[in-house]
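The values are calculated or read from the model by the stated rules, or taken from the named source; none is laboratory data. Computed from a predicted model, the values in this text were never measured in an experiment. No Cβ is skipped: glycine too gets one built from the backbone with ideal geometry, and neighbour counts run over all protein chains shown.
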Amino acid sequence: MKQFIYTYIVPEGCGFQGQCFDPPVTVHAGSLQRAIDETSATIRARFCGENFHQMGFGPQPRVVTTFFLAPLKRSRPV
């Protein structure tokens, strides 16, 4: 049973994108706070009336949000 729902917030253009892979959710927002709120609200709406067990989750899965607020730097190959 999965106990956590993992979400990711990343900069996108002049806003932010909130994303979750399980359940599949993607939202676009103009501010960081709005991306966090809309991602959480969309996940809650997705689970409304659903059976967590049938979806592979424990009874009250926790949402874990990871923020990527700067571009990732790739090192040059040696």
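For the stretch 27-44, enumerate the residues that are of a type in the set (Val, Ile, Thr) and either touching a residue at least 60 places away in the same chain (Cβ under 8 Å) or over 18 Å from Leu69 (Cβ atoms) (or both). Once the filter is applied, which keeps residues that are of a type in the set (Val, Ile, Thr) and either touching a residue at least 60 places away in the same chain (Cβ under 8 Å) or over 18 Å from Leu69 (Cβ atoms) (or both), the stretch 27-44 yields Thr42, Ile43. Scanning the stretch 3-13 turns up no residue that is charged (D, E, K, R), more than 15 Å from Leu69 (Cβ to Cβ) and touching a strand residue (DSSP E or B) at 6+ places or on another chain (Cβ under 7 Å). Beta carbons closer than 9 Å, at least 6 apart along the sequence or on distinct chains, pair a first residue in the stretch 1-15 that is more than 9 Å from Phe57 (Cα to Cα) with a second that is part of a loop (DSSP other than H, G, I, E, B) and small (Gly, Ala, Ser) for Pro11/Ala70; Cys14/Gly30; Gly15/Gly30; Gly15/Ser31. The residue that is modelled with the lowest pLDDT, counting only those in the stretch 8-31 that are over 19 Å from Ala45 (Cβ atoms) and outside any strand (DSSP E or B), is Gly13.
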